[in-house]
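Data first, discussion second: the structure below is written as structure tokens.
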Amino acid sequence: MIEVRSVFFSYGGKSVISDLSATFRAGTLYGIVGPNGCGKTTLIRLLCGLARPTAGQISLEGHPYGEYDRREFAKRVSLLPQSRSLPCVSVGELTARGRYPYLGRTRRMTPSDRAAVERALMDAKASDLRDRDVSTLSGGERQRVCLALLGAQDTPCVLLDEPTTYLDLSSRFSLMEQMRFWAEQGKCVIAVLHDLSLALRYCDCVGVMDQGKFCAFDTPENLLESKAWEQVFSVRCLPVDAAGEHDVVFLPIK
Amino acid sequence: MNILQNVSTPKSSENKKHGITPPVLLFLFLAVLILLFAAALCFGSVKISPFDAVTALLSGDYDAPSLRILLHIRLPRACGAVLAGMALAVAGVLIQAVLHNPMAAPNVIGVNSGAGLTAVILLSVFPAAVRFLPLAAFFGAVGACACIYVISMKTGADRMTVTLVGIAVSAMLNAGISAVKTLYPDSVYDADAFMIGGLSGVTLETLLFPCVGILVGIFAALWLARDADVLSLGDETAKSLGMNVKVTQWTLLCLASVLAGCAVSFAGLLGFVGLIVPHIARRFVGEIHRWLIPASALGGGILVLLCDLIGRVLFAPYELPVGILLSLVGGPFFVCLLLARRNRYD
């Protein structure tokens, strides 16, 4: 779906992404992990067209990004940025703004736009919040509304930049469930995550980034064997088995 | 602004308590505006009862003194007040949407003064070209807008800095107006009245061109209401929703300049309408521009019409220019706004 071919990106003379290649497929949930400053956010910005690579090419469904006009692109790729300013409006009103790329010159919402908004609210389990004002919501509810906004944009590719940061545990899990739901619907979901065990637990494929490139890009099972994070994060991981559930914990290398 | 530490403004939760839906509110505003308009026609140093006016109109006696006052003095003046109020309030909404800054308004960031400077230059230096006045005012407004926009976007300055820069630009432009005024003391127009903002000299002829500009500007703003909505989600989100953010911002600023320029061209430097009215309207309808723009337009019309009426009636037969009354109301309001915002961030 998204094909990244030997992409370089530098900012102010400093190389942020160097010779990064990867393929992101439909129906898959990708987690991108890496230490601070390794270029995760830059990669997301490149993938959603907010930044242009200094060299190399990114293509979507076989066509380079440059061939799409803004609206057509926005119907295919959506982004949840790290921070977003939310105006004081109701949740339903806010979610409807995700339909912007589909509106014609008259900027009118059609019945199909309204149906898509309803579906997005339902999928994000935010239907009951519809008439609440965004400013009165808790952090977890607010993130659900942001997911509804993404859902209303209804794109085959969804990019999320650190969506779980600042969320409590149960909100994190429900957010990951939502991303799994999208992947199972056939979308290509790419999320920057800080929580390694969360990434390993939910993602189909995890990319470990270091110094502007992937040093590992594989399924959680293979990653656990390769121990790619030992040099990157200087942590070791211990498998945990309890009540038939498998998980891992990360501990500093002594 | 982070999602999680987002501004918690209690505005819209308050409006749930009134239980007034936006369409009802617009209807109420419109009713008040029509009543005030009728009152503005009837009251003044000479009282004209609606009954007399209608009788005179029906009898075809266009030379009756009451009808002459009505048609040639009060009607243009009331129309001017409504148009200027609408234009400045909507310009305020648009500028606030583009700069993500509730403190921005055409008079605060120097858009009015920019329009005023070019208008005064035209009137003093090229008095023969007076019919191009709205055009000149428009270019002045665009210039001031561009100045603030470039400063706020290129430097990434925070809201308060942008507001302060705007005040500085505004002061410079006002000094420019005063300089022109001093250098050309003999020009025909009343420079002091222009600086304060007033509607005493308005005629239907001077209103014609600005009226078209203002109505077109307001309709265009309504048409782009959803774009303003999307802008309020932040530049990155707007871009990822497929918007050409720069073009949209410039379009909205140009619209604001058309509106402010047209208003300034006949009403002078009316302050504070563009600041107060959007804030009041936002309390009722929230950050939804397809309601905010018409609510602000009607509210602006109401405010200026009301201030003009009070200014004419209170000290009749003398009159207080509407600009003075507006600033008397607007000054304290702005102070309260600043204080309320500071408390919120503490």
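No lab work stands behind these numbers, since they all come straight from the coordinates. Model, not experiment: these values are computed from the prediction. FYI the Cβ positions are ideal-geometry reconstructions off the backbone, even for glycines, and counts take in every protein chain you see.
A compact table of results
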item	result
Gaussian network model of chain A, springs between alpha carbon atoms under 10 Å - residue of A:V77, A:V208, A:V235 with greatest fluctuation	A:V235
Highest-fluctuation residue, A:C188, A:C203, A:C88 considered, GNM on chain A with Cα pairs under 10 Å	A:C88
Within chain B: Cβ-based charge dipole about Cα centre, in debye rounded to nearest 20 (Lys, Arg +1; Asp, Glu -1)	740
A:Q185/B:F219 FRET efficiency (R0 30 Å; Cβ-Cβ; nearest 0.05)	0.15
Cα radius of gyration and Dmax for the protein assembly as shown (Å)	28.8, 103
Distance between the range A:75-154 and the range B:183-250 - C-alpha centres, whole angstrom	30
Entries in A:K14/A:K40; A:K213/B:K246; A:K125/A:K213; A:K75/A:K213; A:K75/B:K246 that, when Cα-Cα distance is taken, lie over 25 Å	A:K213/B:K246; A:K125/A:K213; A:K75/A:K213
Modelled FRET efficiency - R0 51 Å, B:T182 with A:D131, Cβ distances, 0.05 increments	0.30
Listed residues B:V273, B:P102, A:P220: farthest to the positive end of the dipole of the protein assembly as shown (Cβ charges)	B:V273
Computed helical MRE - 222 nm, chain A, DSSP H runs ≥ 4 contributing -39500 (n - 2.57), nearest 500	-9000 deg cm²/dmol
Local electrostatic count, A:D154, Cβ distance below 9 Å [Lys/Arg +1, Asp/Glu -1]	+3
B:S59-A:E72 FRET efficiency (beta carbon distance; Förster radius 45 Å; 0.05 resolution)	0.10
Anchor A:K227: aspartates and glutamates whose Cα lies under 12 Å away (excluding residues fewer than 8 positions away in-chain)	A:D218
Square roots of five times the Cα gyration tensor eigenvalues for the range B:80-345, Å	28, 20, 18
Point-charge dipole on Cβ atoms (K/R +1, D/E -1) for the protein assembly as shown, about Cα centre, debye to 20	480
Neighbourhood net charge (12 Å Cβ-Cβ; Lys/Arg +1, Asp/Glu -1) for B:I293	0
Alpha carbon centroid spacing (whole Å) that separates the range A:166-213 from the range B:286-342	51
Chain B: most fluctuating residue of B:G300, B:G80, B:G286 per GNM, C-alpha cutoff 10 Å	B:G286
Distance (nanometres) between label positions extended 7 Å along Cα→Cβ at B:F315 and B:C336	2.4
Total formal charge among the other residues, if their Cβ is under 12 angstrom from that of A:L198, Lys/Arg +1 and Asp/Glu -1	-1
